[in-house]
Structure formats: C-alpha cells, structure tokens
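Remarks on the structure that follows.
The values are calculated or read from the model by the stated rules, or taken from the named source; none is laboratory data. As the structure is a prediction and not an experimental result, all values here were calculated from the model. FYI the Cβ positions are ideal-geometry reconstructions off the backbone, even for glycines, and counts take in every protein chain you see.
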C-alpha cells in the first residue's frame, strides 16, 4: 500500500485488508482498505446474481444490496472463514431468498408449459410440505450424477447450461436428461410412499 | 449433515473456501470430492470466485454502477473508533481456551454422530441487515396484508415495496412516517392469482433519500 495515497495494491491478501479495517487506526486508511476488499469481489457478486436471475436489472439490484450489507458488517466479520467464502454465503443466500423456487419433482418443460393460474400439482404441494423427506430421498434413491444435477439446479439454482458445464456433460441435451431421470425417480419414490400410506 | 459415502459431515457454506486449500488426502477434502452435495457447493463457490462473465451479463456497463455504489457506501461508512476485538483464533490459541475448544469439538463430534442424518441446508443463517427489522406479516380476514416494521434511527419516512414470485414489483407505497401499513391486494399493479408468495421490503428514507433497506420478508396471500 502507498500510505500517502491510501490506495491498496491488488496483491495485498484479503486477510491483511481485513486486519486494517478492524484495526481502529486512521479512518481514511481503513476506508481505503475496505473499499479495495469490496471492489475485489464486485464482479463475483454481480455475476453470481446474474447467474441466478438471468436479468441484468434484477442482478444489479441484488448485487447492490449484497455490497451494501457487506459495508454494514465488514468490521464485525471475525475471520472465522475466508472473506470470499463469507461473501459467497451472503450472496448465495440473498439470491436464494429472492429467487424462484425450482421444483425437485417437476420437469422444467412441464413447469414452463403450465398456465399461471393452473392449480399446483399434488407433487409440488407435497414438496412444499415435506422437504426433509425429499432431501433424504435424493441421497438414497439417486445416483451421484443425478444427485449433483439436482443439487446444482434446485438448491444452487444454477441454470441448466451451467449445470451441464460444471458437470462436464457432453451429450446433446446436457443436464436436462439427467434432471429428467432424477425427477422421475423422485416422483416414483413419492408414489411408493403414498401407496404405503 | 452426513452422507452415506463417508463419515465426514458435509461442508458448511462459509467454510467452503478453506476446503479448497486442504491437501487431496485430507478426509474433509475426500468427502467433498465424493459427496454430490458438497461437490456441487464447491463447484458453485469456484464459479463465484472465478467470476467469468456469462453471455448477456453486460458486465462492462454494470461495473460503473457498482463502483458508484461502492464509492457511495464507502463515503457513508463510519468505522468504529476503537479496534475491533481480536480474531477468534487469536483468543483460542491461548492455552485454556484451546483446551476448552478441544472439549467442545469432542462433545460436538459425539452429538453429531448420534443425531438424525439430514438437515436442510437450503436456508443458511447468514446475517442480514438488521437495523430495520420486519415483523411477521399477517393476513387479515378480508385478505389485506398487514405489514409492520421497526423504526430506524435517522429515518424520517418509510416506503414499502412488494414483489411477486418473479421478483417484479407489484406494489409501492407512498412514503409514510408510520411503521405499519395495510395493503389490499386490489392495489397491486397487476392482477395476480389469489394465492401466491410475495416478498416485501421496507426502505428507510431521510429527506427523500433511501438510507437503508430491510432484509426481505415473505408472505403468502390467500
């Protein structure tokens, strides 16, 4: 860092910047350290929000919310985790709170084709009422690749293209086929559970 | 949460960065590479850190706006005058806390192995903005939404905004000095289904400028 200009070098580790932010020293120096730290993750936060929403304006709103909340808490961040992990958790939770529910049970095409005012299918009602059972069933009924696809799509709320890329799927339909297979198994498990009473 | 594939518990979201720096033969790392849930979380975190622009993200244009927000937040930020207390690990490295921490870890491990295997991780306890607290929203018998929030020092007015399932704004109140508001769904901008999940937020204003926003609240209409 150049002490006179209060600008921080990009190579200074996050941990050092946090130490300065929490130091109780000169306000401007601490402000500069915090600004550098937040700015480092500007793109990460925005792009993550964009990945969730697929919409520039909504992603911008969400990412601005996240960045502002970071300023409100940066002094109290205790360093239990890496700053990037903490910020990731804040961003992820903010996006999950703001995002649309992605069904574990219904295929994307079926959801997209349903009219807005269509009654909720039984499966979705069940999904809302017993998520615990569903999460357990995902682990016991699905193959590892199916589990991962469901986690990435329904919990991490990644787009199908992102799931395809991360799972390095090379078939033409990408993650769509894996998700369909997984959901079919989950619906089967749900039916069996209903029959068993 | 435990998996069927290894005896290690699944990774906490906030610990995810530390996992990547573990050696490949560390049991936690092995678990993370084998458990679909943890593998997904790691991939998700890696995508966050890599920050690779995706098609349509318009990152170049947005950067300017985000930088402006960061500058504005920085200007408003008032750092505390005294040093923030020592990092937790600096305290824990003293002998007595170290022993106590060891006992806590053992107790936690015993508890962990005896509990039911699955807990939902969909909602983490990440802190939200807490200077403006939303009370649980209520639905009156006539279907109107009854919203209430805490007052905030420095705010002279409040504005309430409601968002639909697609996060589009469906209602924006006039600025008010009150800390509660009743909204009839008839006032929503668009005709919406009778039952739907809405998100609501309160914006604290000072002389017409937004100085704080609440964390989002949820409400289901009927």
Failed condition for residue A:76, given (1) over 21 Å from residue A:160 (Cα atoms); (2) facing chain B (nearest Cβ under 8 Å); (3) part of a helix (DSSP H, G or I); (4) out of contact with any helix residue (DSSP H, G or I) (no Cβ under 6 Å at 6 or more places or on another chain): (3)
Test: residue in the stretch B:64-76 that is loosely packed, with under 13 Cβ neighbours inside 10 Å and farther than 16 Å from residue A:63 by Cα: yes
Residues that are without any contact (Cβ under 8 Å) to a residue 12 or more places away in the chain, under 20 Å from the mean Cα position of the chain (by Cα) and surrounded by fewer than 18 Cβ atoms within 10 Å (Cβ to Cβ), drawn from the stretch B:13-48: B:15
Residue in the stretch B:123-138 that is modelled with pLDDT of 70 or more and either touching a helix residue (DSSP H, G or I) at 6+ places or on another chain (Cβ under 7 Å) or part of a helix (DSSP H, G or I) (or both) present: no
Scope the stretch A:81-100; condition in contact with a helix residue (DSSP H, G or I) (Cβ under 6 Å, 6 or more places away or on another chain) and not in a helix (DSSP H, G or I); matching residues: A:81, A:82, A:99
Residues of the stretch A:41-57 that turn out to be touching a residue at least 24 places away in the same chain (Cβ under 8 Å) and farther than 14 Å from residue B:68 by Cα, as a count: 9
Sole residue being at pLDDT below 85 and more than 10 Å from chain A (Cβ to nearest Cβ), chosen from B:23, B:9: B:9
Residue ID - surrounded by the most Cβ atoms within 10 Å (Cβ to Cβ), chosen from residues in the stretch A:12-52 that are within 7 Å of another protein chain (Cβ to nearest Cβ) and farther than 21 Å from residue A:82 by Cβ: A:50
Flag for residue A:58 being at the interface with chain B (Cβ under 7 Å from one of its Cβ atoms), part of a loop (DSSP other than H, G, I, E, B) and either at pLDDT below 90 or farther than 21 Å from residue A:151 by Cβ (or both): no
Residue under evaluation residue A:148, criteria (1) more than 7 Å from chain B (Cβ to nearest Cβ); (2) at pLDDT 90 or above; (3) closer than 15 Å to residue B:42 by Cβ, criterion not met: (1)
Qualifying residues in the stretch B:165-186 (those that are surrounded by 14 or more Cβ atoms within 10 Å (Cβ to Cβ) and outside any strand (DSSP E or B)) - the one modelled with the lowest pLDDT: B:167
Matching residues, the stretch A:166-186, being under 21 Å from the mean Cα position of the chain (by Cα), part of a helix (DSSP H, G or I) and either more than 9 Å from chain B (Cβ to nearest Cβ) or at pLDDT 90 or above (or both): A:175, A:176, A:178, A:179, A:182, A:183
